[in-house]
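Notes follow once the structure below has been shown.
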Amino acid sequence: MKEFEKYFLIDEFEEGWGMEDVVCEEQLFDYCSEALFIPDEKIEDLNMRDAELEIILKDLEFEDIKEDWYVNLLKSSKEN
């Protein structure tokens, strides 16, 4: 079975989320679930590295790669 992309770096953020001054992991989680629409159960790990949001997903299935949230994540992610 093909391995799907699970690692993403985002450096452009929706306005109003205060991603320049992240103070806790919950803020990262909220951004990913509410602004990027990533299902909670698909998020394995989140980190801020400099001014980039590192997103690591888990348990991806074939159906997930067709979902809008995944396609948009691929489009907005920096090249790894």
What is the percent carbon and sulfur in the accessible area of the chain, measuring with a 1.4 Å probe over the protein chains and ignoring ligands? 45 percent
Cα-based Rg then Dmax for the chain, in Å, read 12.1, 40
Solvent-accessible area per residue, Å², over the chain with all protein chains present [probe radius 1.4 Å]: 68 Å²
Where does the chain land at 222 nm, in deg cm²/dmol rounded to the nearest 500, when only DSSP H runs of n ≥ 4 count, each adding -39500 (n - 2.57), divided by all residues? -5000 deg cm²/dmol
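The values are calculated or read from the model by the stated rules, or taken from the named source; none is laboratory data. Just so you know, these numbers come straight off a predicted model, no measurement behind them. Keep in mind that these areas ignore ligands, DNA and RNA; they rest on the heavy atoms of the full protein, side chains included. Shrake-Rupley method; radii C 1.70, N 1.55, O 1.52, S 1.80 Å.
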